[in-house]
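Take a look at the structure set out below.
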Amino acid sequence: MAANFPTQKQVQGGIGATEPGHDHAHHDEHHEQSFLQKYVFSTDHKVIAKQFLISGIFWAVIGGTLSSLFRLQLGWPEATLEWLTPFLGKWIEAGKLNPEFYLALVTMHGTIMVFFVLTAGLSGTFSNFLIPLQIGARDMASGFMNMLSYWFFFVSSVIMFASLFIETGPAAAGWTIYPPLSALPQAISGSGAGQTLWLVSMALFIVSQLLGGVNYITTVINLRTQGMSMSKLPLTIWAFFLTAILGLLAFPVLFSAALLLIFDRSFGTSFFLSDIYIAGQALPNTGGSPILFQHLFWFLGHPEVYIVIMPAMGMVSEILATNARKPIFGYRAMIGSLLGISLLSFIVWAHHMFVTGMNPFLGSVFMFLTLIIAVPSAVKVFNWLATLWRGNIRFTTAMLFSIGFVSLFIAGGLTGIVLGNAALDIQLHNTYFVVAHFHLVMGSSAFFGLWAGVYHWFPKMFGRMMDEKLGYIHFWLTFIGVYLVFLPMHYVGIAGFPRRYYAWTGFDTFSQFADLNKFISIAAIVAFIGQFIFIFNFFYSIWRGRRATENPWNSTTLEWTTPVVPGHGNWPGDIPAVHRWPYDYSKPGAEEDFIPQTVPYSQTQSSNLPYEKEME
Amino acid sequence: MTTLSIVLVLALLLVVFGLLFRLQILTSIFSGSSNREVGVSNRVNAIMCMVFLIGGGAWFAWSFIENFDKMNPPIASVHGLATDKMFWVSMAILGVAFVLTQVLLFWYSYRYQHKENRRAFFFPHNNKIEVIWTLIPAIVMAALVFAGWKEWTRITGPAPKDAVVLEIMGKQFNWLVRYPGRDQKLGVVNYRLIDAVNEFGFDLSDQNGVDDFTAGEIHVPKGHPVLLRIRSRDVLHSVYMPNFRVQMYAVPGMPTKFWFTPTKTTDEMRAQTGNPNFNYELACNQICGRGHFAMKMSIIVDEPDDYVNWFAQQKSFSDQNPEVLASFKQKSEKLVNKVPATPAAAAVVTPAAAKASL
């Protein structure tokens, strides 16, 4: 347990207090832990990271399966789905998918992917794994809270998973759970017990996020090793740090929205309900506003997309620099743009609500703010491109996924500029254009960041390498697959096809593109099946992969100075001190094409820049 | 039997893949390529980047051109022409940025692939170009925002005084439409008065409502501004008319509105599209439950004269449902008998209902 380790000393000492030489070595050899302590109720950040990762993979398979199911419906609206009866039971009615269950599928797909995979699975995995390793700490500030964070997530997962199987079906009001639909079981059966479980699960999920977030922030602020000033932090850590701050400020607002919705649903309040006549009955609720819920929801919901994407941005920056053998271009601009995005992400939420009846003046304000956020995003893209320019690029699988990330982020980000324009959003709101936009810019991109991170840090997680050839196949299949799915989806969206439609066959306006929808479905299902290559590679390599070396990518950051498989406490001896920024790749005059952060300037006199001479 | 053979084939395929995978590992060990830091696959991936750029770019261009006609729903409103133009201008600007950045991304990946004797260029930052490429998107953004803002304020500004007014109410799972009748005033409604007959919740003690009529489809005159007053009586819906580029949520308890000017009659559009069955359609575009995908209503754009004729032929709700009118008369008589002061009758109007009639 954490108490056995010198982490406490660091906590008391604060910044830079861990002086090399003063640490008491050999913590990882002294004690035997039971299986339960080591792998289940572990307080080791590395084990917790792996728990988040494997839970995330589990959820991604579920989320992907759900999407394949509704893509079957959308691609072949006339087909009989009788053969799915063994899996879906009563949700197949006379060979047809139940339309309410279709809505439940899209709702749960969104919820699972956004929260359970891309928030918990991505940020939970890599914030946990990398923060202590990259800042030079023995563990998180509170290992126990960290453990709680995972187990709250686990309980939340169990509840959400259970909700898939209940009789009235899981929540079905869309992942945004707009009331009154989500508040009234009379309106849709998923708003009965399914929605209750959804809300309970999300409340626990938020607790998990807050426990984790507090920990990440505290750790980054207090436990950095000697010499690791904020301006020497790898961009990954900056990204995780700001992500945690966003989560800490935004998730409580979702909690309040969920709480008020629970009150409306169960205790007869009218926060979001007014003037409703449903199922042959006028409800007594008056004075509430469904729009209020949307404000509360999107006050989390918009930062949430940056919570999802910023860790990916950080990891991609790191991986691009390492494999281009070049310093990241514009390190400070990269931090600045992360700060800018973090700040702006809190004041753009109502661009999701241009046509909800919100005052048009507010719409104008949010349009201005929204389009400003495109500037830091553009700066990031240009800096990534400049990082590749005149590099010496090694195409590891992680590098390919990082390049893929940049490509998808551009493709999806640009259409955001159209959607952020209120006048254009009138037509595009809630169409497949929106679906294509966010699946590229936050869905696929964040997934690519996740894969890049897994391939890159796998050797440090499990001491073995993932198979590169399978990785290449996985990458090209997924990359091409993603474009084949989401590029044509823009066409469908420009034509005005509404999202969350069980079928479009009832409308003349939406009669074209049956073939294109079939095409999208085939591409999506093939790309999903391709992911099993990754899953095979992942689990196979944990036990049978080629053994890794300490620093297989010749990288500069601190985690690569640990043993092949770092034990509890991370460094067997003293925590190394840091002397330089993390991106000294291909420095002129240096012997190797990388200089680790731990190498003092006095040892690299031949490569020191003029201003570094003073620090020798 | 078929299932069994499919399962067998899949299982065999898996075995074959497994063997190939093992074989690949063994060959890479024997050839020693597993020890080399950068092998042949680096070159293959670099080439794949170019193949992807060129192949993907070609497919994108082809599929875009192929589908272009299908992806533009014919426009039939004044502001729709403006927003569509703005949409494609924005897309063109963004398209340039898209092509430029993607070409650079994959070209650099190919061009600067690993070479044994080369060293990357140590280039940590350059303030000048960073300022330049912060300013360029900022300026482009400012231009796009300004254009969008002007159009948005125009579209969402107050409707012209002479606009034709009608009310659309969303319910699970169809639309209800109401016109103000000859007095051009929509009467008071109250959701508590809704029942199977009085679907709108007409409060017929309000004189303005007595000549209101409901309709099975929407009729609007060509070339005349139309103001939609929008309500919902249960959950959220969204009034979405793709051909008019109109969209606004229907919110229970909070009436919304949207105005537009249709530019082509249904007949003209039928001629233009060559589809004799063409109809403008109203769709629901906010998830509302089981029947969300089938919440449709037809919109007929008439020549102004035809519209006036159609309007004149409509029978008011109170005419069609005299029993509802009678029940209100009874009620108000009772009220008058009980409380002599007539103003009390007005007080029956709930605040919510008053809001709806605005």
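The values are calculated or read from the model by the stated rules, or taken from the named source; none is laboratory data. In this text, all values refer to a predicted model and were calculated from it rather than measured experimentally. As a convention, Cβ positions derive from the backbone with ideal geometry for all residues, glycine included, and neighbour counts pool all protein chains shown.
Quick look at the values:
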item	result
Yes/no for A:S270 being touching a Leu at 6+ places or on another chain (Cβ under 7 Å) and surrounded by fewer than 24 Cβ atoms within 10 Å (Cβ to Cβ)	no
Residue satisfying condition, being farther than 30 Å from B:F260 by Cβ and in contact (Cβ under 8 Å) with a residue 60 or more places away in the chain, within set B:V15, B:V38	B:V38
First in segment A:527-541 and of a type outside the set (V, I, T), second anywhere and outside any helix (DSSP H, G or I) and buried (at least 16 other Cβ atoms within 10 Å of the Cβ), Cβ under 6 Å, 6 or more apart	A:N537/A:M466; A:N537/A:D467; A:S541/A:R464; A:S541/A:M466
Positions within segment A:332-358 being within 7 Å of chain B (Cβ to nearest Cβ) and over 25 Å from the mean Cα position of the chain (by Cα), in sequence order	A:V355, A:T356, A:G357
Residue that is farthest from B:I75 (Cα to Cα) [pool: residues in segment A:481-515 that are part of a helix (DSSP H, G or I) and either more than 30 Å from the chain's Cα centre (by Cα) or within 7 Å of chain B (Cβ to nearest Cβ) (or both)]	A:Y483
Residues of segment B:67-112 classified as more than 7 Å from every other protein chain (Cβ to nearest Cβ) and of a type in the set (K, R), total	2
Pairs, first within 28 Å of B:R119 (Cα to Cα) and in contact (Cβ under 8 Å) with a residue 60 or more places away in the chain in segment A:566-586, second acidic (D, E) and surrounded by 21 or more Cβ atoms within 10 Å (Cβ to Cβ), C-beta under 8 Å, six or more apart	A:P582/A:E318
In segment A:302-331, residue nearest to the other protein chains (Cβ to nearest Cβ) [restricted to those that are among the small types (G, A, S) and in a helix (DSSP H, G or I)]	A:A324
Filter pass, B:P180 being assigned by TED's automatic domain parsing to the domain that holds B:Q314 and not β-branched (V, I, T)	yes
Test for A:S67: is it surrounded by 15 or more Cβ atoms within 10 Å (Cβ to Cβ) and part of a helix (DSSP H, G or I)	yes
Which numbered condition A:F299 fails, given (1) at the interface with another protein chain (Cβ under 10 Å from one of its Cβ atoms); (2) aromatic (F, W, Y); (3) surrounded by fewer than 24 Cβ atoms within 10 Å (Cβ to Cβ)	(1)
Odd one out for B:K115 among (1) buried (at least 20 other Cβ atoms within 10 Å of the Cβ); (2) at the interface with another protein chain (Cβ under 10 Å from one of its Cβ atoms)	(1)
Selected residue (criterion: farthest from A:M399 (Cα to Cα)) from residues of segment A:280-315 that are among the small types (G, A, S) and touching a residue at least 40 places away in the same chain (Cβ under 8 Å)	A:G301
Residues that are without any contact (Cβ under 8 Å) to a residue 12 or more places away in the chain and of a type in the set (S, T, Y), drawn from segment A:221-265	A:S229
Count - residues of segment A:421-450 that are in contact (Cβ under 8 Å) with a residue 24 or more places away in the chain, part of a helix (DSSP H, G or I) and farther than 22 Å from A:S67 by Cβ	4
Leading residue by the ranking (nearest to B:L236 (Cα to Cα)) among those in segment B:292-306 that are within 7 Å of another protein chain (Cβ to nearest Cβ) and touching a residue at least 12 places away in the same chain (Cβ under 8 Å)	B:H292
Single residue of B:Q286, B:Q272, B:Q313 found to be on the phi < 0 side of the Ramachandran plot, of a type outside the set (A, V, I, L, M, F, W, C), free of Cβ contacts under 8 Å to residues at least 60 places away in the same chain and away from chain A (no Cβ under 13 Å)	B:Q313
Complete set of residues in segment B:29-59 that are within 8 Å of another protein chain (Cβ to nearest Cβ), touching a helix residue (DSSP H, G or I) at 6+ places or on another chain (Cβ under 9 Å) and modelled with pLDDT under 80	B:S34
Selected residue [within 12 Å of chain B (Cβ to nearest Cβ) and touching a Ser or Thr at 6+ places or on another chain (Cβ under 6 Å)] from A:G412, A:G420, A:G404	A:G420
Odd one out for A:T243 among (1) β-branched (V, I, T); (2) outside any helix (DSSP H, G or I); (3) at pLDDT 95 or above	(2)
Criterion violated by A:V375 - all others in (1) under 22 Å from the mean Cα position of the chain (by Cα); (2) surrounded by 24 or more Cβ atoms within 10 Å (Cβ to Cβ); (3) at the interface with chain B (Cβ under 7 Å from one of its Cβ atoms); (4) more than 27 Å from B:Y110 (Cα to Cα) satisfied	(2)
Residue within segment B:263-270 that is buried (at least 21 other Cβ atoms within 10 Å of the Cβ), part of a strand (DSSP E or B) and polar (S, T, N, Q) present	no
Check on A:F361, at the interface with another protein chain (Cβ under 10 Å from one of its Cβ atoms), more than 22 Å from the chain's Cα centre (by Cα) and free of Cβ contacts under 8 Å to residues at least 12 places away in the same chain	yes
Single unsatisfied condition, A:H45 versus (1) under 23 Å from A:F161 (Cα atoms); (2) surrounded by 21 or more Cβ atoms within 10 Å (Cβ to Cβ)	(1)
Qualifying positions in segment B:73-132 - touching an Asp or Glu at 6+ places or on another chain (Cβ under 8 Å) and closer than 22 Å to B:F258 by Cβ	B:I75, B:H79, B:A82, B:T83, B:M86
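Conditions (1) in contact with a helix residue (DSSP H, G or I) (Cβ under 8 Å, 6 or more places away or on another chain); (2) under 29 Å from B:N72 (Cβ atoms); (3) assigned to a strand (DSSP E or B), marked per residue:
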position	(1), (2), (3)
B:L176	no, no, yes
B:D211	yes, no, no
B:G223	yes, yes, no
B:L228	no, yes, yes
B:R231	yes, no, yes
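So that you can scan it fast, the table gives a plain yes or no per residue for (1) among the hydroxyl-bearing types (S, T, Y); (2) closer than 23 Å to B:L236 by Cα; (3) free of Cβ contacts under 8 Å to residues at least 24 places away in the same chain; (4) surrounded by fewer than 22 Cβ atoms within 10 Å (Cβ to Cβ):
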| residue | (1), (2), (3), (4) |
| --- | --- |
| B:A143 | no, no, yes, yes |
| B:G148 | no, no, no, no |
| B:A163 | no, no, no, yes |
| B:L166 | no, yes, no, yes |
| B:F173 | no, yes, no, yes |
| B:V188 | no, yes, no, no |
| B:N208 | no, no, no, yes |
| B:D212 | no, no, no, no |
| B:I218 | no, yes, no, yes |
